[in-house]
Amino acid sequence: MASEQIRVGRFRNTRGTGFMRRVGLAAVLLSVLMPWPSAQAGFVDRVKDIYGMPEKVEELQQQYDAAQEELDASVKRSEETIRQFRQTQEQLLQENQELRSRNARLEEAIGQMEAAERAGAERSRRITRTALAAGGLVVLYFVLMRVVRLAVWRRTR
């Protein structure tokens, strides 16, 4: 047991400050000499990105402002299109109203012309009937006069 205590004691002596310094120095040398992992390179890039953030923020702000201006212009164009559409719609409704009233006047005029034509046709038929009746009476008179003269001539003979 005494030999074990001595060994433990020696082991404890080797673990003193000198040993700890050596282990720390070896760890530092290993970390410096070993290549940086890709995650560490990403960390450096992130740090660079953080320092470059103001420029990116300004760029994003410019993009946002440009998009906002484009949206405003689009809204204005849409509003103008809607205004023109409404104006055109009102104009077409007004023209439609005028055409309806003109159509009603034309239909009334056509109705009057048709009535006048019917009245003219009826008058023409009456005149024709009257003329035919008068002509028939004249013909009947001549025929009757011939018959009467013939009858008188036969009697006198």
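The values are calculated or read from the model by the stated rules, or taken from the named source; none is laboratory data. Fair warning: this is a prediction, and the values are worked out from it, not measured in the lab. To get the accessible areas, we keep the full protein, side chains included, count just its heavy atoms, and leave off ligands, DNA and RNA. Shrake-Rupley method; radii C 1.70, N 1.55, O 1.52, S 1.80 Å.
Does Gln112 satisfy being modelled with pLDDT under 80 and over 27 Å from the mean Cα position of the chain (by Cα)? Against the criterion (modelled with pLDDT under 80 and over 27 Å from the mean Cα position of the chain (by Cα)), Gln112 does not qualify. Tally up the residues in region 140-157 that are of a type outside the set (Phe, Trp, Tyr) and open to solvent by 100 Å² or more (accessible area, probe 1.4 Å), please. Number of matching residues: 6.
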